[in-house]
Amino acid sequence: MSSSIHQLMVCSPSAIAPPVLLGAEVLSVSAILITNYSVEVPQTYNFNHPAISVKDVDFCNVTVTYTYPGENDAIHVETWLPRVWNERLQATGGAGWTAGRNVLSPGFMSGAIGEGYATTSTDAGLPPVWPGDPTLWALVSQGNVNSYVLDTFAYRSLEEQALIGKSLVRSFYGRDPAYSYWSGCSQGGRQGLMLAQRFPTLYDGIAAAAPAIYYGQLGQSQFIPQLIMNEMKAYPLDCEMDYLTEQAVAHCDANDGVVDGIISDVASCDFDPMSEIDSSFLCFSTRANMTVSQTAAVVANASWNGYFNSQWEFIWPGWNYGANLTGLGYAPNETNQTANALRTPNWFAQLYLERNASFDSATITSDMFDRYWKQFIKIYDDTIGTSDPDLSDFKAAGGKMITWHGMADELIQTKATERYYQEVTNLFPDVQDFYRYFESPGAGHCGYTGVGGQPTTVFDALRAWVENGTAPDVLPVTFNGTTNNVYNRNLCLYPLKQVYKGSGDPTSSDSFDCV
């Protein structure tokens, strides 16, 4: 009997050995044979990978449902086991407030099996709501945080996903994966770093893009623009914020020697939005000329310069010049003039500090915000902060990790990732032997927004590093910029930056050095 026929025959619950988790009870194992599976997966939803045409793939879709008695939970780990297997496991991460098994997961998992990987995703027992809604699970009752579910979302489910995925691979193929990898962005990036910090031996390689680390600082900082507007009792139009961003890009675009519609040298950008107050421009949302308000300039300034507390002490970095300040609701947009589109910033105070689902975040003052900032970190940082720079166990295990981050990320501050990488570097001067970081000028969140390039060779570079010892010094990207030209660039190994040589074709990567 051929191995492929055998694998198709064992795609049944009775033929697959249930995984064993200490303290858990497996409620069910389902197995569904999928044949001739074909789908187009664009690179924008195949993080760390290029676009792929998945053609006629046969695989076994196994879902394990388990619970921890007494916790009233039901956690699902979904694993796809392709008939033609490359002897490797690629686990995929979540997004938003989901651990996985969300609307993006089929793209991640399809891309994986299209390249021959067995792949997994977990929902951590959370409701199947996109992009996740902690109001459905954060509180056991008013005043009582559901710490068990928070722990499961933050880290427990990650270990369980790996153990279950490897168990199913062993049962289905009759052997362990030769190599195991993690791939994720945003929440998936945070999960990747949590794995390196807390479970350093589970994966040989981790691709952790735009990681949502320093979770409390990140989430609360997203509320700052709204806090300012609430206190000023003024809400600038979205077109004002977009105009200021455009002016910042125009002011600083050429600092790297080339005008291409993106800011590559953020550190040298000295644009002052206050200088644009009363400047006249055509507002796209009202289709009329208007002037920039003081509130718009103040909000933009705070968004870029970061969080200063009530004593004007610098606390946390802001977003980079060039990031879209209106796209995710930090500032008003055409359909939402109070900047409440993105509810995530409200949940930290509402659910985890006030512990009251009815709490109105519009009542938060600057003094309250300062207090919340400290409280959340003190109470929850060990659980979900994901900011421990001590990667000694990951290094000792031989693990390799690559992080990349778009410099125009509108959701997660690039400077926070820089801070973490510097903290790791302070502990490990040889950090580049096991952990490498790259930044992509002009790229937005996870590369599916912004003008700059989304690196699509991250995972392949990681695999070459793990399996062949070939560490990447650059990551190639291609983007269109704002000048109708196709640009090819190399992302530099941080802290090096792309610098134009002074001559040569600016659309060619050969015209730039990493310095």
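Of all lysines in the structure, the ones whose alpha carbon falls short of 29 Å from that of residue 374, not counting any fewer than 8 places away in one chain, are 233, 415. Oblate is the label for the stretch 399-495, because the ratio a/c of its alpha-carbon gyration tensor axes (a ≥ b ≥ c) is 1.5 or higher and a/b is not greater than b/c.
What is the calculated FRET efficiency for residue 136 to residue 510, with r their C-beta to C-beta distance and R₀ = 51 Å, to the nearest 0.05? Could the numbers behind the result be given before it?
On the way: r = 52 Å, r/R0 = 1.02.
With R0 = 51 Å, the Cβ-Cβ based efficiency is 0.45.
Contact order for the stretch 461-515, expressed relative to its length and based on alpha carbon pairs under 8 Å spaced 6+ residues apart, stands at 24 percent.
Phi-derived couplings, Karplus 6.51 cos²θ - 1.76 cosθ + 1.60 at θ = phi - 60°, listed residue by residue for the stretch 10-23: 8, 7, 8, x, 6, 8, 9, 5, x, x, 10, 10, 4, x Hz, with x used for Gly and Pro.
Which one of 255, 236, 352 is farthest out on the positive end of the charge dipole of the stretch 219-380, using unit charges on Cβ (Lys, Arg +1; Asp, Glu -1) and the Cα centre as origin? So the residue we want is 352. Note that the stretch 170-178 has calculated 3J(HN,Hα) couplings of 5, 5, 6, 9, x, 7, 6, x, 5 Hz, one per residue in order, obtained from phi through the Karplus relation 6.51 cos²θ - 1.76 cosθ + 1.60 (θ = phi - 60°); glycine and proline are x. For the stretch 118-200, relative contact order (Cα pairs under 8 Å, six or more residues apart, normalised by length) works out to 26 percent. Considering only 226, 196, 487, and ranking their Cα positions along the charge dipole of the chain that arises from unit charges at the beta-carbon of Lys, Arg, Asp and Glu, the one farthest toward the positive end is 196.
Proximity of backbone amide H atoms, modeled 1.01 Å from N, is registered between residue 454 and 478 at under 5 Å, excluding neighbours fewer than 5 places apart on the same chain.
For the stretch 10-76, how big is the tail of P(r) above 20 Å, as a whole percent of Cα pairs?
Considering the stretch 10-76, 52 percent of its Cα-Cα pairs are separated by more than 20 Å.
Between residue 438 and 403, 404, 405, 494, the built amide H atoms are under 5 Å apart, and every one of these is 5 or more places off in sequence or on another chain.
Under the criterion of Cα pairs below 8 Å and six or more residues apart, the relative contact order for the chain equals 13 percent. In terms of other Cβ atoms within 10 Å, 87, 240 run from fewest to most in the order 87, 240.
Going by average Cβ neighbours within 10 Å, how do the peptides 456-468, 280-292 rank, with the highest at the top?
Details: 456-468: 19.5, 280-292: 13.2.
Most protected by this proxy first, the peptides run 456-468, 280-292.
Here the gap between residue 365 and residue 178, fully extended at 0.36 nm per residue and compared with their Cα-Cα distance, gives a gain of 61.9 nm. When the stretch 1-138 is described by a simple charge dipole with +1 on each Lys and Arg Cβ and -1 on each Asp and Glu Cβ, the residue from 100, 68, 50 located farthest towards its positive end is 50.
If the chain were replaced by its equivalent ellipsoid, with semi-axes equal to the square roots of 5 times the Cα gyration tensor eigenvalues, what would those be, largest first, whole Å? Don't skip to the end; give the middle numbers.
Numbers: eigenvalues 301, 164, 83 Å².
Semi-axes (√(5λ), whole Å): 39, 29, 20.
Each Lys and Arg Cβ is given +1 and each Asp and Glu Cβ -1; about its Cα centre, the chain then shows a dipole of about 1100 debye.
Where the convex hull is taken over the Cα atoms of the stretch 219-380, what is its projected area averaged over directions, in nm²? Could you put the intermediate results ahead of the total?
On the way: hull surface 40.4 nm².
With the hull built on Cα positions only, its mean projection is 10.1 nm².
Counted residue by residue at 0.36 nm each, then reduced by the alpha carbon distance between them, the extension gain from residue 170 to residue 311 reaches 45.0 nm.
Charges were assigned to the Cβ only: +1 to each Lys and Arg, -1 to each Asp and Glu. The resulting dipole of the stretch 219-380 about its Cα centre is roughly 820 debye.
Read the figures in this text as sums done on the coordinates, not as results from a lab. Model, not experiment: these values are computed from the prediction. So basically every Cβ, Gly included, is an ideal-geometry build from the backbone, and we count neighbours across all protein chains shown.
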